[in-house]
1. Name the single residue, out of those in region 53-71 being touching a helix residue (DSSP H, G or I) at 6+ places or on another chain (Cβ under 8 Å) and over 20 Å from residue 110 (Cα atoms), that is surrounded by the most Cβ atoms within 10 Å (Cβ to Cβ).
2. If you check 340, 356, 330, which single one turns out to be surrounded by fewer than 24 Cβ atoms within 10 Å (Cβ to Cβ) and within 18 Å of the chain's Cα centre (by Cα)?
3. Look through 75, 91, 96 and report the one residue that is in contact with a strand residue (DSSP E or B) (Cβ under 7 Å, 6 or more places away or on another chain), modelled with pLDDT under 90 and under 30 Å from residue 330 (Cα atoms).
4. Run down 46, 21, 50 and say which single residue is modelled with pLDDT of 95 or more, crowded, with 24+ Cβ neighbours inside 10 Å, within 8 Å of the ligand (Cβ to nearest atom) and in a loop (DSSP other than H, G, I, E, B).
5. Which strands (runs of 3 or more DSSP E) does region 85-199 wholly contain that include 2 or more residues that are within 24 Å of the chain's Cα centre (by Cα)?
6. Step by step: first the residues of region 274-301, then only those that are assigned to a loop (DSSP other than H, G, I, E, B) and within 12 Å of the ligand (Cβ to nearest atom), then the one that is surrounded by the most Cβ atoms within 10 Å (Cβ to Cβ). Which residue is that?
7. What's the number of the only condition in (1) within 16 Å of the ligand (Cβ to nearest atom); (2) closer than 17 Å to residue 212 by Cβ; (3) in contact with a strand residue (DSSP E or B) (Cβ under 9 Å, 6 or more places away or on another chain); (4) not in a strand (DSSP E or B) that residue 40 fails to meet?
8. What pairs can you find where one residue is in region 93-109 and in contact (Cβ under 8 Å) with a residue 24 or more places away in the chain, the other is in a helix (DSSP H, G or I), and their Cβ atoms are less than 7 Å apart, with a gap of 6+ or different chains?
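The values are calculated or read from the model by the stated rules, or taken from the named source; none is laboratory data. Small disclaimer: the values here were computed from a predicted structure and weren't measured. Here the Cβ positions follow ideal geometry from the backbone for every residue, glycine too, while neighbour counts run over all protein chains shown.
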Ligand SMILES: Cc1cc2nc3c(=O)[nH]c(=O)nc-3n(C[C@H](O)[C@H](O)[C@H](O)COP(=O)(O)OP(=O)(O)OC[C@H]3O[C@@H](n4cnc5c(N)ncnc54)[C@H](O)[C@@H]3O)c2cc1C
């Protein structure tokens with residue numbers, strides 16, 4: 001199929017230079033579109049900066065999963081739980097949670113997993129070529145992904161996940177406690193068993209955004225840092241221009257890829273973009289002894305461990321917030337405690353960097369990718385929750401197909417932004 005088939009559009013402004021905005025910029029620029037990306041700061045320094053770097057189609061789960069109702073209620077009362085929802089009077093939170101609860105059913109989950117696995121598998125293949133294509137090293141490594149559980153419930157959960165994604169062509173292998181310990185000597189704590197997904201990979205998240213930026217520029221894209229979108233001039237159901245902190249800009253079409261800021265950005269146009277921030281933290285720390293060979297998911301605590309060159313990244317927790325960047329010592333301690341239950345993490349825990357980011361979470365756990373019904377030249381690409389990095393290039397491919405009027409490679413229905 002000629003991916004440039006259909007009507008060619010030019011002159012697109014993308015608002016937001018995270019991994020999603022930059023993937024769309026790279027995709028469109030490669031396909032001959034004139035692209036300008038604006039970002040209120042430096043591209044790549046939002047949620048795309050310090051994430052775990054996992055490129056793991058095995059984690060194509062939406063946030064709302066069947067059977068989570070009782071768990072969600074318990075989480076509201078436990079600030080140390082891996083997913084915390086602080087109860088507070090907020091219309092956005094109440095309407096978001098209502099939709100979240102409605103999405104917790106088998107039928108919706110199967111549809112979401114299918115859609116998310118497809119874009120994640122496409123992305124994994126695309127990332128394996130990105131360093132070569134752009135001449136910028138993203139530190140792509142294919143060491144698989146190991147889920148390690150220290151309870152029977154956790155082990156059952158890992159196997160359920162393995163069975164679910166294996167139906168979508170993501171292979172996984174069950175491991176007993178003995179096999180797990182022999183395979184990954186860093187697991188010094190007690191374990192019950194685990195699952196290994198051999199085809200998964202990881203990369204350095206900021207380097208991914210830099211590679212995409214370099215690739216987009218090589219194909220003619222312009223990047224404007226320090227340009228914050230304030231509002232838009234609209235006429236007859238179209239955006240005519242956007243006002244930024246550095247002046248007014250015009251284009252034929254606009255892509256909003258503002259991550260967890262999407263609700264506020266949409267509000268400037270009277271749109272309801274139901275995105276809450278899923279706050280998470282990561283640390284860069286010295287290697288532990290023994291240091292992990294593989295990226296590890298510590299199932300019960302939902303802590304993500306990524307070996308890096310000479311250091312280790314430990315990431316975790318998800319707290320639903322609206323634009324709240326405060327740091328909770330209690331939650332960061334629970335990540336360290338979680339890692340210590342599995343690995344030899346010293347009592348004197350030292351880190352060279354502590355980072356927090358807000359994952360852009362849609363209520364049903366599926367991104368919003370498509371044109372809005374209110375403005376015919378406004379395209380949304382947001383809401384990628386816990387898997388924005390691993391699914392960015394597939395999301396961009398879908399965005400490119402829809403914007404260029406080509407036959408979409410993926411079914412666009414699950415991603416329709418007008419479903420809310
Ligand atoms: C602890 C943690 C670990 C994670 N691990 C993984 C992982 O291993 N794999 C994975 O796939 N995902 C992971 N994620 C999720 C992933 O980081 C996100 O899904 C992804 O970064 C979202 O990208 P984005 O481009 O939508 O948002 P962002 O990266 O936040 O980009 C949005 C951009 O919009 C800009 N912007 C906002 N408002 C405006 C405005 N008004 N004007 C102009 N610009 C604006 C911002 O400056 C920002 O650069 C993790 C997240 C966290 C917090």
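1. Selected residue: 55.
2. Among 340, 356, 330, only 356 is surrounded by fewer than 24 Cβ atoms within 10 Å (Cβ to Cβ) and within 18 Å of the chain's Cα centre (by Cα).
3. Result of the check over 75, 91, 96: 75.
4. Exactly one of 46, 21, 50 is modelled with pLDDT of 95 or more, crowded, with 24+ Cβ neighbours inside 10 Å, within 8 Å of the ligand (Cβ to nearest atom) and in a loop (DSSP other than H, G, I, E, B), namely 46.
5. Fully inside region 85-199 and qualifying: 145-149, 193-197.
6. 275
7. (2)
8. Pairs found: 101/69; 104/69.
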